[in-house]
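Each value in this text was obtained by applying a stated rule to the coordinates, not by laboratory testing. Keep in mind that what you see is a predicted model, and the values were worked out from it rather than measured. Here the Cβ positions follow ideal geometry from the backbone for every residue, glycine too, while neighbour counts run over all protein chains shown.
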Amino acid sequence: TAWQRTLAVPGVKLFDGPMCRLESWRSCGKALVLNLSRTSYRRFLGTNLSHPDLADRLGPCALANPVGVSPALVSSDGHLLMGRRNAAVAYYPHRVHPFSGALEPRDPLDLFAELRRELHEELHFAPEHIASMHLTGIAEDLSIRQPELICLVHSTLARDAILERVQPDEHHAAWHCPADPTDLARVLTADESFTPIAIASLLLYGRLAFGQAWYDRQRRPFIDGD
């Protein structure tokens, strides 16, 4: 029902692609161990996106819980970049969100290969446009109960070159900010339409780049619900 209702919205594009469902995760030394199974975008839309309250009544296993992949993207000239989602997306239209996607079931499954694929689809990145990739943490969007792997990607391209590559299928523009502690602290408290995962990716980038004390200060308003 949710799928048919969403398809009826003018301009919205849907594709029922395969996704990886998160069953459990654990930290093991410097490794993050994920226990995955299969799900699909249709199940994601029908549960997490349309009825996340099912988790309160039936437990989190009632949801599709696909694993998202979101990078904090840093240009070669020191800017953080994200996309401004357009009206054609099924959720969070017109919000600022990482150039992201979801893990798809493959054998073998390679997180960073999936990340390269998403950056190619959304920004036409080639392998030489990526200088480095790191996993910085795992977060959950509490509004839709979706788990997300947060990464840090350094690009060999400057900010303006990346802006020219933004594809209109999902984004109508891009957001950017100097990747320094003062500017990033300012935008986190500004009236910007960030998605929860956009905030998580910025906070985790800041923890890695500027230290734990900066991270603790900036995350406090979100913990307190201000």
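In loop segments of the stretch 129-226 as defined by DSSP, the GluC sites (Glu not before Pro) with at most 15 further C-beta atoms inside 10 Å of their C-beta are E164, E192.
Taken over the stretch 145-226, the convex hull of the Cα atoms encloses 127 Å³ per residue. Qualifying trypsin sites (Lys or Arg not before Pro) in the stretch 68-114, where qualification requires a DSSP coil assignment and no more than 16 other C-beta atoms within 10 Å, comprise R106.
When the chain is treated as a GNM with alpha-carbon contacts under 10 Å, the residue of G206, G83, G17 showing the greatest mean-square fluctuation is G17. Values of log10 I(q)/I(0) for the stretch 43-86 across q = 0.26, 0.28 Å⁻¹ run -0.87, -0.94, by the Debye formula with one identical scatterer at each alpha carbon and no solvent.
Size descriptor for the chain, Kirkwood hydrodynamic radius: 18.2 Å (Cα pairs only, one decimal). When you filter the trypsin sites (Lys or Arg not before Pro) in the stretch 1-53 for DSSP loop state and at most 15 other Cβ atoms inside 10 Å of their Cβ, you are left with K13, K30. Hydrodynamic analysis of the stretch 176-215 uses the Kirkwood radius over alpha carbon pairs. Inserted into Stokes-Einstein at 20 °C and 1.002 mPa s, it gives a translational diffusion coefficient of 209 µm²/s. Rounded to the nearest 5, the antiparallel percentage of DSSP beta bridges internal to the chain is 80%.
Taking the Cα centre of the chain as reference, the dipole from Cβ charges on Lys and Arg (+1) and Asp and Glu (-1) amounts to some 480 debye. Sort the stretch 1-127 into rounded, prolate or oblate with this rule: let a ≥ b ≥ c be the square roots of the eigenvalues of the Cα gyration tensor; rounded if a/c is under 1.5, and if a/c is not under 1.5, prolate when a/b is larger than b/c, oblate otherwise. Verdict is oblate for the stretch 1-127.
Can you tell which of M82, F222, I138 lies farthest toward the positive end of the dipole of the stretch 69-226, using +1 and -1 charges on the Cβ of basic and acidic side chains (Lys, Arg; Asp, Glu)? Positive-end residue among those listed: F222. Sequence-ordered 3J(HN,Hα) estimates for the stretch 44-59 from the Karplus curve with 6.51, -1.76 and 1.60 and θ = phi - 60° stand at 4, 5, x, 10, 3, 7, 9, 9, x, 5, 4, 5, 6, 8, 10, x Hz, glycine and proline given as x. The stretch 1-43 and the stretch 71-97 have Cα centres spaced 19 Å apart.
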